[in-house]
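Asker: Sending over a structure as structure tokens; questions will come in a sec.
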Amino acid sequence: MRFLLDEAQTDFDRTLDRLLGAADTPGAIRAWASGDGSAGRALWRRLADAGVFGLAVPEAYGGVGPLPVELAVAFTQLGRHAVPGPVVETVASAVLLARLAECGERGPAKDWLPGIASGGAMVTLRAPGGGPYALDADAADAVFTVTGEEWGLTVTGQGWGLATSRDHGPAQPSLDPARRLVRPPTGGVPLAAGPSVRDAAARAADWAAFATAAQALGAGLTLVERTVAYVRQRTQFGVPIGSFQAVKHRLADALTGLEFARPLVHGAAVALARDPGGAGAEIAAAKAAAGEAAYAAARTALQLHGAIGYTAEYDLSLWIGKARALRSAWGTPSECRARVLEGVPKGVDGP
């Protein structure tokens with residue numbers, strides 16, 4: 001099966017590539033890692049103006065979504081350019097709030113979704129099983145926390161006047177400097193409770209895994225592209241190392257893995273558009289494939305660059321760290337494969 005973007009989707013892809021290509025994303029990442037979010041915030045507003053976050057927000061709340069195919073396009077470009085900030089978690093929060101509104105809890109959606117769509121609200125999400133930390137809780141305007149014991153949803157953050165920059169815990173080191181793991185403020189305002197929260201949290205986790213898969217695909221593609229450019233320039237024995245057969249094979253294997261993952265990501269987008277609540281297996285397959293392919297691309301890039309590839313001052317290290325982090329974010333490869341196998345009828349052997 002082939003998945004081809006239409007003209008509008010292709011134009012959107014090119015527009016985002018130009019927008020992000022003109023921005024100094026490596027500089028924004030390094031500033032973000034040090035706690036200076038000004039460049040990241042400016043980039044966030046430009047992405048919102050381009051309609052990225054509105055793709056996950058229903059029209060009734062100021063968005064144009066949900067549009068999973070366009071989100072796949074957008075998040076592949078976000079991964080290509082290693083955009084910092086809780087982009088996945090903001091989309092997941094939008095999905096969670098929209099699903100709660102469908103279940104009758106419309107208050108939180110009215111309060112937050114218009115701001116998410118416009119870029120005025122940068123939010124993050126802490127879900128059950130994700131540990132005590134929330135991604136970029138120190139930079140976000142709000143932290144949505146889902147508790148699994150009684151299935152409640154609370155919100156804390158500066159946007160509600162409940163927290164200051166001193167209320168959250170210190171940032172923890174991460175494989176990806178653009179991903180700051182922070183213990184969010186305690187307490188918060190209860191927003192909803194009960195089975196509707198459990199259903200909405202499951203839906204949000206699916207969309208988070210889907211967006212993470214697209215992001216990983218983009219990061220892997222950039223790793224291959226930058227490595228190809230490097231091996232054409234680096235010489236050994238008087239010739240570019242890119243002319244060596246072993247180098248060609250490593251790069252071909254890395255690109256093949258990514259190109260096999262691409263249709264799975266697009267297939268997950270089509271499945272989400274068709275049945276938002278029944279695309280779990282497709283999303284898990286895409287997440288496992290894209291995460292593993294990006295990780296393989298990172299290993300290839302590091303091997304062919306040598307030690308310089310892992311040097312913090314060298315931009316490639318930012319994509320290597322991102323690929324490693326995204327591999328396990330919102331579902332490890334083993335967890336995703338197990339979820340795919342849950343949908344295989346018993347007694348049916350694989351190929």
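Asker: Can you tell me which of (1) of a type outside the set (Ser, Thr, Tyr); (2) more than 24 Å from ALA297 (Cα to Cα); (3) surrounded by fewer than 23 Cβ atoms within 10 Å (Cβ to Cβ) is the one ARG226 doesn't meet?
Answerer: (2)
Quick grid of which residues meet (1) outside the structural domain of ALA286 (by TED's automatic domain parsing); (2) touching a helix residue (DSSP H, G or I) at 6+ places or on another chain (Cβ under 7 Å); (3) under 16 Å from ALA294 (Cα atoms):
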site	(1), (2), (3)
ALA193	yes, no, no
ALA213	no, yes, yes
GLY218	no, yes, yes
ARG226	no, yes, yes
GLY238	no, no, no
ALA246	no, no, no
LEU251	no, yes, yes
ALA273	no, yes, no
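Asker: Only one of ASP49, ASP13, ASP17 is at pLDDT 95 or above, under 19 Å from PHE210 (Cβ atoms) and in the same structural domain as ASP176 (by TED's automatic domain parsing). Can you tell me which?
Answerer: ASP13
Asker: Going through the stretch 188-217 one residue at a time, which ones are outside any helix (DSSP H, G or I) and either surrounded by 24 or more Cβ atoms within 10 Å (Cβ to Cβ) or in contact with a Ser or Thr (Cβ under 8 Å, 6 or more places away or on another chain) (or both)?
Answerer: GLY188, VAL189, PRO190, LEU191
Asker: Restricting to the stretch 324-345, what's the tally of residues that are surrounded by 12 or more Cβ atoms within 10 Å (Cβ to Cβ) and hydroxyl-bearing (Ser, Thr, Tyr)?
Answerer: So the count comes out to 2.
Asker: Among what's in the stretch 297-310 and is over 24 Å from the mean Cα position of the chain (by Cα) and of a type outside the set (A, V, I, L, M), pick the residue that is farthest from LEU223 (Cα to Cα).
Answerer: Selected residue: GLY306.
Asker: Look through GLU313, GLU259 and report the one residue that is more than 22 Å from the chain's Cα centre (by Cα) and without any contact (Cβ under 8 Å) to a residue 12 or more places away in the chain.
Answerer: From the options GLU313, GLU259, the qualifying one is GLU313.
Asker: Sticking with this one: When the stretch 55-97 is examined, which residues are found to be over 18 Å from GLN215 (Cβ atoms) and part of a helix (DSSP H, G or I)?
Answerer: GLU59, ALA60, TYR61, LEU96, LEU97
Asker: Here is a further query. Which residues, taken from the stretch 103-130, are farther than 15 Å from ASP141 by Cβ, of a type in the set (D, E, K, R) and touching a strand residue (DSSP E or B) at 6+ places or on another chain (Cβ under 9 Å)?
Answerer: Hit for the stretch 103-130 is GLU105, nothing else.
Asker: Among the candidates GLU59, GLU89, GLU70, single out the residue that is charged (D, E, K, R), over 29 Å from THR332 (Cα atoms) and at pLDDT 95 or above.
Answerer: Every option except GLU59 fails the conditions.
The values are calculated or read from the model by the stated rules, or taken from the named source; none is laboratory data. Predicted, not measured: the structure shown is a model, and the values here were computed from it. Cβ atoms come from the backbone with ideal geometry, glycine included; neighbour counts cover every protein chain shown.
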